[in-house]
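Q: A single structure is presented below for examination.
Rule-based calculations on the coordinates, nothing more; no lab input. Remember, it's a predicted structure, so these values are computed and weren't measured experimentally. Cβ placement follows ideal geometry from the backbone for every residue including glycine, while neighbour counts extend to all protein chains displayed.
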Amino acid sequence: MAVYELEMPDELMAELHLDGEMLSGEARKALAAVWYSKGSLSQETAARMAAMDRASFLMFLKTARIETFKVDPDDLDRELSLG
């Protein structure tokens, strides 16, 4: 697994009330959510990146108010017309 380093000002860490390990977990979840919402990652891959099972990741997305299932209106109309 690749390891990356992120520098954060001490004031920001204090304001967020996070230590380094907590920041790492929160950053992984945030990145996974952003890349999932952009369509760059599947739910399964994003959940793995966030170190969560898929159901927990979906709940995380819900609490973060991130759309979990994208539906194209044209696709929905097409599916509904099939009966």
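Q: Picking from LEU18, LEU58, LEU41, which is most flexible by a Gaussian network model of the chain using Cα springs under 10 Å?
A: Taking springs between Cα atoms under 10 Å, the residue moving most is LEU18.
Q: What do you get for trypsin sites (Lys or Arg not before Pro) in the chain restricted to DSSP loop and a cutoff of at most 14 other Cβ within 10 Å of the site's Cβ?
A: Those that pass, being in a loop and sparsely packed, are LYS38, ARG65, LYS70.
Q: Would you order PHE57, PHE69 from fewest to most other beta-carbon atoms within 10 Å of each residue's own beta-carbon?
A: PHE69, PHE57
Q: Report, to one decimal in Å, the Kirkwood hydrodynamic radius for the chain based on all distinct Cα pairs.
A: 14.8
Q: For LYS29, give me every one of the lysines with a C-alpha distance below 19 angstrom, ignoring sequence neighbours fewer than eight places off in its own chain.
A: LYS38, LYS62
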